[in-house]
């Protein structure tokens, strides 16, 4: 099964999600590997889930790490890609020539301006925002950013508009979200399944 565009699933914390989205043909699955973050998935669970999935890139999601912390987490978790929210950590990843995603809120204008410097360009820019609606001001901002970066949009995405958004902004793809299991082995995928199905090649 293949999708029309790049899809990353953010903040995966269970095997049910990981196996489902890998089977649906997503490109990247993200796990929080920042031990100081409340969403930290845990080393044992991380490697247990990894052992059950194949054919996708594993993204280690972190916040601000210094060089020692970064080298340690790369050695310990061995992700294929690292996603960060820190410009300084992004610079370290760029120096190491390690594949990287930068996560930013659409209104973090100062950070986004820093990214426009050639040396700070991430492989992908993951755009987020609290809430779901894309305002008129954000509409213009997304258009501008898509001309500069490979943008993965993580908000305002529904089964009904996903294909229109892809064309409207010339997006590189989407960053969708995993969720919590209702009980071990069971998850109601709701809109996620519909979005992925709408992104399948016909």
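Values as computed for the structure displayed
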item	result
Tally of residues being touching a helix residue (DSSP H, G or I) at 6+ places or on another chain (Cβ under 6 Å) and surrounded by 18 or more Cβ atoms within 10 Å (Cβ to Cβ) across region 64-79	2
Odd one out for residue 36, checked against (1) under 18 Å from the mean Cα position of the chain (by Cα); (2) in a loop (DSSP other than H, G, I, E, B)	(1)
Which listed residue, of 103, 94, 129, 111, is in contact (Cβ under 8 Å) with a residue 12 or more places away in the chain and more than 24 Å from residue 58 (Cα to Cα)	111
Selection from region 1-49 of residues that are at pLDDT below 95, more than 23 Å from residue 103 (Cα to Cα) and out of contact with any helix residue (DSSP H, G or I) (no Cβ under 9 Å at 6 or more places or on another chain)	2, 16, 23
Residue match in region 153-163 (condition: in contact (Cβ under 8 Å) with a residue 60 or more places away in the chain, closer than 25 Å to residue 3 by Cα, crowded, with 17+ Cβ neighbours inside 10 Å and touching a strand residue (DSSP E or B) at 6+ places or on another chain (Cβ under 6 Å))	yes
Residue selected from region 84-120 under the condition within 19 Å of residue 142 (Cβ to Cβ) and under 16 Å from the mean Cα position of the chain (by Cα), by the criterion surrounded by the fewest Cβ atoms within 10 Å (Cβ to Cβ)	105
Condition broken by residue 25, with the remaining ones in (1) touching a residue at least 24 places away in the same chain (Cβ under 8 Å); (2) over 24 Å from residue 163 (Cα atoms); (3) touching a strand residue (DSSP E or B) at 6+ places or on another chain (Cβ under 8 Å); (4) part of a loop (DSSP other than H, G, I, E, B) satisfied	(2)
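The rows are residues; the columns are (1) touching a residue at least 24 places away in the same chain (Cβ under 8 Å); (2) touching a helix residue (DSSP H, G or I) at 6+ places or on another chain (Cβ under 7 Å).
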site	(1), (2)
59	yes, no
81	yes, no
84	no, yes
90	yes, yes
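The values are calculated or read from the model by the stated rules, or taken from the named source; none is laboratory data. These numbers were taken from a predicted model, which means no experiment stands behind them. When we count neighbours, we look across all protein chains shown, and the Cβ atoms used for this are built from the backbone with ideal geometry, even at glycine.
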